[in-house]
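Right, one structure below, let's go through it.
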Amino acid sequence: MSKDRDILEIQLWEALQSGEQSALQQLYMSYYKSLLQYGMRYTEDRDTLKDSINNTFLYFWEKRESIGTANHVGNYIFKSYQRQLVKDLDRTTKFEALHESNTNIDIADVEEFQFIISQEENTRVTILKNAILQLPKRQRELVLLRYYEGLSYEEITVKTNLSKRAVYNQIHSAINALKKDTNLQNLKQILPLLILF
């Protein structure tokens, strides 16, 4: 994991502690896939895994004022997820394998998962960036304001002097065009990754 990304994640963690929901969402989107793949080592029950991921991030949000600082955010997230997964798999045969063989998660494991996922994300983000360049100028501007700069629809209306409806319609049209041009699944989950790359 790059030093810049480490610094960004620490900033996001601190923003989460301060009550910024967007920081929680960015961390969730950044780690969701790698946490899911980690959980697949122990069960193929994706519903349980998704619930465990959601419960982990819900815990972060509910305890945001009391959770500690994280020098290595990924390691903290993985360990918290592991504890949640142990609880959720407690009544299944997979529990023993998870509990006994992996009570400690090494930072190297986290970084290995993150590297694999980041390579996949890099490819998808590259495809997406190229497709964004093909959008009409106004749509491209609005998509970048929304997903690269992270502005709300209200902030975009102020910045562009467009009505909220016009902004929404233009972004909606752009999203549909990007879906068609890229064939990427979960496009709205990928777009915020532009902030991280």
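Quick note: the coordinates plus some simple rules give every number you see, no bench work behind them. Just so it is clear, the structure is predicted and the values come from calculations on it, not from any experiment. Positions of Cβ are generated from backbone atoms using ideal geometry, with glycine treated the same way; all protein chains shown enter the neighbour counts.
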Check: Of the peptides 27-33, 145-151, how do they stack up when ordered by the mean number of other Cβ atoms within 10 Å, highest first?
Finding: 27-33, 145-151
Item checked: Nearby lysines by direct alpha-carbon distance to Lys87 (threshold 16 angstrom, same-chain neighbours under 8 apart not counted) -> Lys50, Lys79
Check: Which of the peptides 153-161, 70-78 is most tightly packed, and how do the rest follow, judged by the mean count of other Cβ atoms within 10 Å per residue?
Finding: 70-78, 153-161
